[in-house]
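None of the figures in this text is laboratory data; all of them are computed from the coordinates on show. Just so it is clear, the structure is predicted and the values come from calculations on it, not from any experiment. Reconstructed Cβ throughout: ideal geometry from the backbone, glycine too, with neighbour counts over all protein chains shown.
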Amino acid sequence: MSLSTDLAAARPSRWTRAVLGLSALFVLAFAATHVLRPGLDPSWTPISEHAIGEQGAVMTIAFLALAAACGALFVAWRRALKGWQGVVARIGLVLGFLGFALAAIFPGDSVLATPQTTTVAGMVHGVGAVLADGVPLAALFAAWSMTRAGGVQGRQAGLMWLGAGISVSGFVAVVVVMATFMPASGRLGPEVPIGWAGRYMMATHVIWLVIAAWVQARVERAGAAA
């Protein structure tokens, strides 16, 4: 086997590298939306608000990057996920892909919108937000599947469980904020710090994707060296 072939075999697959690249693209686009619209208060303004208006295309790119990252990880893990836990993890990734794709294609309604001004696009965007909760589901069951099957051990297994815990914590943060601060009217406002919770949840998605891709890269390198 030639040196070039050895080096190619030692490199992570294109799908694993795509997860890392798409995660980086999301971070850049998401940060750019906050620079472009500094007037939006991040403490209570939902992230979907950044997809509205002339600069909304940047947030659309961010959502698409996350959708594509979920899809790339699905392909990268096509042989890594075992058992029924792996099936659940795959379903979670599909839900995440669909959720972020819908969020990108259908902009949400403004936080100031009333029930009378709600649009179909806004309702579909809301469905996408719910489907995106499949990501922490995928994180939890992927860690279970990969460590149970023995493909991931030691520090890498610990990282998978750490990533799962981080991902689930983002979902929990949003649920706690909504349950604690949401008024009876259901209207968001400065008194509901959903903005920070939502941004934290998005950060946990990216952190988990990076951890999952890094672990998968290590598994691929170990397999190539065997």
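Kindly express, to the nearest 10 degrees and within the range 0 to 90, the angle between helix 14-36's C-alpha long axis and the longest C-alpha principal axis of the chain.
For helix 14-36, the angle is close to 20 degrees.
For the chain, modelled as a Gaussian network with Cα springs under 10 Å, which listed residue fluctuates most, P42, P12, P183?
Largest GNM mean-square fluctuation: P183.
Which of G56, G195, G154 moves the most in a Gaussian network model of the chain with Cα springs under 10 Å?
Highest fluctuation of the listed residues: G154.
Using Cα atoms only, what is the angle between the long axis of helix 154-181 and the major principal axis of the chain, expressed in degrees (0 to 90) to the nearest 10?
Rounded to the nearest ten degrees, it is 10.
Please give the length that would be gained between M182 and L162 if that part of the chain were fully extended, namely 0.36 nm times their separation in residues minus their C-alpha to C-alpha distance (nm, one decimal).
On the way: separation 20, 0.36 × 20 = 7.20 nm, distance 2.97 nm.
Length difference between fully extended and current span is 4.2 nm.
Near the amide H of G189, under 5 Å away, which other amide H atoms are found, from residues 5 or more places off or on another chain, if H is placed in the peptide plane?
Excluding prolines and chain starts, which carry no amide H, there are no hits.
Give me the extension gain from E191 to T119: residue separation times 0.36 nm, minus the current Cα-Cα distance, reported in nm with one decimal.
Details: separation 72, 0.36 × 72 = 25.92 nm, distance 2.47 nm.
Result for the pair: 23.4 nm of gain on full extension.
Expressed in nm to one decimal, what extension gain is obtained for the pair L112 and R218 from 0.36 nm per residue of sequence separation less their Cα-Cα distance?
Working: separation 106, 0.36 × 106 = 38.16 nm, distance 4.66 nm.
Once the chain is fully extended between L112 and R218, it gains 33.5 nm.
With labels modelled as points extended 7 Å from the Cα through the Cβ direction, what inter-label distance (nm, one decimal) is found for I105 paired with R148?
Roughly 3.3 nm, to one decimal.
Please arrange R78, R17, R199 by counting, for each residue, the other beta carbons lying within 10 Å of its beta carbon, fewest first.
Values: R78 9, R17 15, R199 19.
Arranged by neighbour count, lowest to highest, R78, R17, R199 become R78, R17, R199.
Where does each of H205, H125, H34 land when they are ranked from fewest to most other beta-carbon atoms within 10 angstrom? Kindly include the intermediate steps, with their values, before the conclusion.
Values: H205 25, H125 22, H34 15.
By the 10 Å Cβ count, ascending, the order reads H34, H125, H205.
Take the alpha-carbon centre of region 125-148, take the same for region 176-203, and report the distance between them in whole Å.
What the calculation gives is 21 Å, centre to centre.
Round to the nearest 10 and give me the degree value, 0 to 90, for the angle of helix 194-225's Cα axis relative to the longest principal axis of the chain.
Helix 194-225 sits roughly 10 degrees off the main axis of the chain.
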